[in-house]
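Reading through the structure tokens given below for one structure.
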Amino acid sequence: MSGVMVALASMALGCATPAAAQDRAAAEAQARDLAKDIQAIGKGIVTSNGSPNTVPGYQGTNVSGSELLDDPDHLSSQGATAAAGSDAYATIVDPGRPEFDPTTIDMSAGQAIETNPDAFLGTGTQIGGSQGSCEPLPRSGTEDSIYYETCNKGDQIIKVPKVCTSTLTVSFDRVTSWIYYSATQGPYASRAVLEPAIADGTCKSKGAFNYCTEVSQYGYRPTSGCNPNNFSPEIFECTREIGGMTAADPSTFNGVVKATGQFWASKSETVSPPIITRNDAACPFATSEACVSDDPEVCTSSDPETRIIDGVSVTQPCWAWSRPFTCQERRPGPPNDCAAVQAKPECTFDHDECLSADPDGTCSVTDKVYRCTIPGEEGEPDGAAICSGDLYCINGECTQIERQASTEFKDAMVAVQTLGQVRDDFNPDDLTLFGGEKAGCHKPVFGLVNCCAGKTSGLLTTATGAAALASGPAAIAALATPFLTMFLCSSEEKLLDVKDRMGLCHYVGTYCSDKILGVCTSKRKNFCCYQSKLARILQEQGRTQIGKSWGTAKNPICKGFSIVEFQKLDLSQMDFTEVYDDFMDAAKVPDEVQASIDIQNKIQQYYELHQGP
């Protein structure tokens with residue numbers, strides 16, 4: 001519109017009366033009237049239908065500076081006011097300002113670009129007439145990652161080889177018997193003296209004898225008319241010699257047998273068949289639960305097969321055996337396997353946990369927990385930027401980025417991702433958000449096997465780990481710490497290894513899973529694992545805010561937040577530094593913004609290459 005006004009003004013001035021023949025005041029009035037006419041013509045043009053779409057820069061009827069049409073002298077006062085605060089004006093009017101001869105300035109670089117810009121910038125590159133202000137994107141890289149490594153101190157169960165040797169023992173039962181002839185009267189053993197022994201089974205009846213004929217053993221002859229059954233004659237066999245018999249006692253006229261000189265008539269000894277028993281006295285450990293043997297028993301003495309024992313021949317196919325055992329014994333502390341973790345500069349002692357205690361409360365095995373840091377790697381700046389008025393895209397979805405929000409770009413990404421994951425991490429069955437699952441692994445105390453390596457083996461990127469999880473057991477086993485497969489750790493432990501190295505799992509604690517002789521021999525670590533690193537961070541920092549427990553090492557609580565609990569969380573107070581880099585991997589700057597950056601870089605490089613001396 002300014003071009004139209006100048007053209008019309010030139011036409012009008014070309015037809016005017018010479019200024020020398022006019023009064024100055026009249027000339028000014030005529031000029032004002034002419035300007036008003038021109039303004040009216042221009043206004044009619046731009047306010048017609050469709051003008052806002054065809055007239056460049058049209059912003060309505062209130063044209064900036066229109067007040068100067070009625071008061072052109074006001075332009076001078078505005079200029080004077082602006083000059084007072086203008087650094088450029090102060091420089092121009094400064095008599096001491098530096099001066100340069102234009103003929104000495106090398107303009108060849110700029111002239112070369114002006115003559116043929118496509119030769120340097122690339123064919124088809126469109127250069128705009130203005131440059132917007134841009135905010136560089138955060139530097140890429142990884143943040144520090146924390147994990148916990150444990151070692152043990154205390155009593156140790158060691159394996160001791162032992163040999164069990166067994167032999168055969170041969171014995172005989174020897175029984176001595178005393179025979180008494182007893183009657184209620186006569187020279188025979190007194191029945192009254194034998195009664196107690198008969199009652200307790202020491203003496204047993206062997207039947208009746210002839211009273212009359214047997215008196216001769218005692219030096220007597222039978223009387224005429226002797227009855228063989230007089231006075232209840234009976235023979236008794238006793239297992240011991242019966243005392244209390246006295247020949248001088250008239251009430252118990254006990255006779256002495258002439259052949260023996262004793263009150264008993266005869267004495268005999270009976271030998272039983274061989275009693276063969278196995279002697280395992282040298283193997284008290286053989287029946288202990290702490291000892292095991294996988295080898296068969298071996299005969300160590302089979303020659304000779306027949307032996308004479310106490311004058312009796314005894315034949316056996318084997319007389320002695322041997323069998324190896326491996327026994328577990330408790331060795332008092334303090335052995336420990338902490339040297340390796342103590343030597344790591346990235347690990348510092350955090351706290352102790354008792355894995356097993358004696359009845360008196362003394363801790364027999366201690367789990368020493370160290371806090372270890374995997375340093376992050378800071379990447380190089382990639383030159384990407386967020387510019388005012390441009391689009392910003394993440395995961396294929398674009399939005400307009402306002403300049404005022406760029407200073408909180410990283411936190412804004414976290415908020416967007418959190419809201420996006422609420423839908424995926426919502427459990428409609430129990431109405432919870434960001435829930436996890438319990439996962440565990442085992443490690444023998446003071447043992448070499450470690451199915452809980454996890455972050456000790458290094459971190460995994462989200463993309464690498466996710467690809468393995470999606471591919472199945474074979475891919476997970478290939479990506480897991482190599483020696484987990486060597487030691488035949490379970491599939492669940494290999495899966496935990498990958499998830500922990502991805503940063504998806506929170507360590508809850510360690511507990512003793514096996515004991516021998518009251519000493520812990522194997523421990524188990526438990527974790528809560530989540531679908532994303534962001535969910536794990538929300539759980540860790542969110543539980544602290546609302547006082548939600550993780551449960552115990554043996555029974556972790558991995559349940560998500562209830563809707564009420566999630567509403568109480570203050571995301572602005574959480575530190576999401578660990579996940580910034582994951583989100584930056586998904587961030588893509590629009591092509592047109594990157595093209596503008598490339599153009600600026602190329603121009604800068606050209607001038608640096610061709611600048612004058």
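Quick note: the coordinates plus some simple rules give every number you see, no bench work behind them. What you are looking at is a predicted structure, and each value in this text was computed from that prediction instead of being measured. So basically every Cβ, Gly included, is an ideal-geometry build from the backbone, and we count neighbours across all protein chains shown.
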With N residues in the range 174-271, Rg(alpha-carbon) / (2.2 N^0.38 Å) equals 1.03
Taking a ≥ b ≥ c as the square roots of the eigenvalues of the Cα gyration tensor, with a/c under 1.5 meaning rounded and otherwise prolate when a/b exceeds b/c and oblate if not, the range 251-319 is oblate
Mean Cβ-within-10 Å packing, highest first, puts peptides 207-219, 445-457 in the order 445-457, 207-219
Listing 540, 149 by rising number of other beta-carbon atoms within 10 angstrom, fewest first, gives 540, 149
About its Cα centre, the range 174-271 carries a charge dipole, from +1 on Lys and Arg Cβ atoms and -1 on Asp and Glu Cβ atoms, whose size in debye to the nearest 20 is 200 debye
If each K or R counts +1 and each D or E counts -1, the residues other than residue 319 whose Cβ falls under 11 Å of its Cβ total 0
Output ordering of 459-465, 330-336 (per-residue mean of other Cβ within 10 Å, highest first) is 459-465, 330-336
